[in-house]
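First the structure, in the form of structure tokens, and then the observations on it.
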Amino acid sequence: MIIEAATPDDLATLLAFRVEAAAWLSELGSDQWRRPYPADRLLATIEAGTVFMVRAGDVTAATITLTSDAEEGLWSAEELAEPSVFVNKLTVARTHAGLDLGGRLLDWAGDRAHRSGASWLRLDAWTTNTELHRYYLRHGFEYVRTVREGGAVNGGPRVSGWLAQRPARPAASHGLLDRTADPKPMSAT
């Protein structure tokens, strides 16, 4: 499998991934990702070069978004002073579930974060998705805290405020053929 930067041509695939993941999560009893993700916002992240696709031949198997920008209101000023890469929208196609592709992507992301000079690979997960929390903990993340208030709409309840992190580190092996450009160095704060 190869990993490469997403292009605008991937927009429909990414939107379909989101719908597929939301349906699967709903079957598991989760309300995660029920609201459609705005296509224009997704396209902007693709154009910013922060979205990556895992391909198995002609099939897209997974996606991950990595950014140096944290969602407002989640991380403290002290935490934000530490160079970090943030994981967003990690999604594996149901056709490739059960292969630990998500774990391999997290290892790739940690390696990429390390090569950029980041100290941490961080994420926020759906607050009520305890199985997802356990997944991240099994993959070496440590729970930081849960932020429940200050959501994007009128400062209301936050739906994705379970915070976790693990040190950015070289990957012994993630098994993905990396066709992405080298990461940009983190700027000093």
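The values are calculated or read from the model by the stated rules, or taken from the named source; none is laboratory data. The shown structure was predicted, so the numbers you read here are calculated from the model rather than taken from an experiment. When we count neighbours, we look across all protein chains shown, and the Cβ atoms used for this are built from the backbone with ideal geometry, even at glycine.
Mind listing whichever residues of region 95-120 are within 10 Å of the chain's Cα centre (by Cα) and surrounded by 22 or more Cβ atoms within 10 Å (Cβ to Cβ)?
Correct list: Leu105, Leu106, Ala109.
So, in region 59-109, exactly how many residues are more than 19 Å from Ala48 (Cα to Cα), in a loop (DSSP other than H, G, I, E, B) and among the hydroxyl-bearing types (Ser, Thr, Tyr)?
1
Does Gly57 satisfy the condition of being over 20 Å from Trp162 (Cα atoms) and out of contact with any strand residue (DSSP E or B) (no Cβ under 8 Å at 6 or more places or on another chain)?
Values: over 20 Å from Trp162 (Cα atoms): yes; out of contact with any strand residue (DSSP E or B) (no Cβ under 8 Å at 6 or more places or on another chain): yes.
Here the answer is yes, as Gly57 does meet what is asked.
If you take the residues of region 158-186 that are among the hydrophobic types (A, V, I, L, M, F, W, C) and part of a strand (DSSP E or B), which of them is modelled with the highest pLDDT? Talk me through it step by step, then tell me what you get.
Taking region 158-186 and keeping what is among the hydrophobic types (A, V, I, L, M, F, W, C), we get 159, 162-164, 168, 171-172, 176-177, 181, 186.
Okay, now just the ones that are also part of a strand (DSSP E or B), so 162-164, 177.
Numbers: Trp162: 89, Leu163: 94, Ala164: 97, Leu177: 94.
Out of the qualifying residues, it is Ala164.
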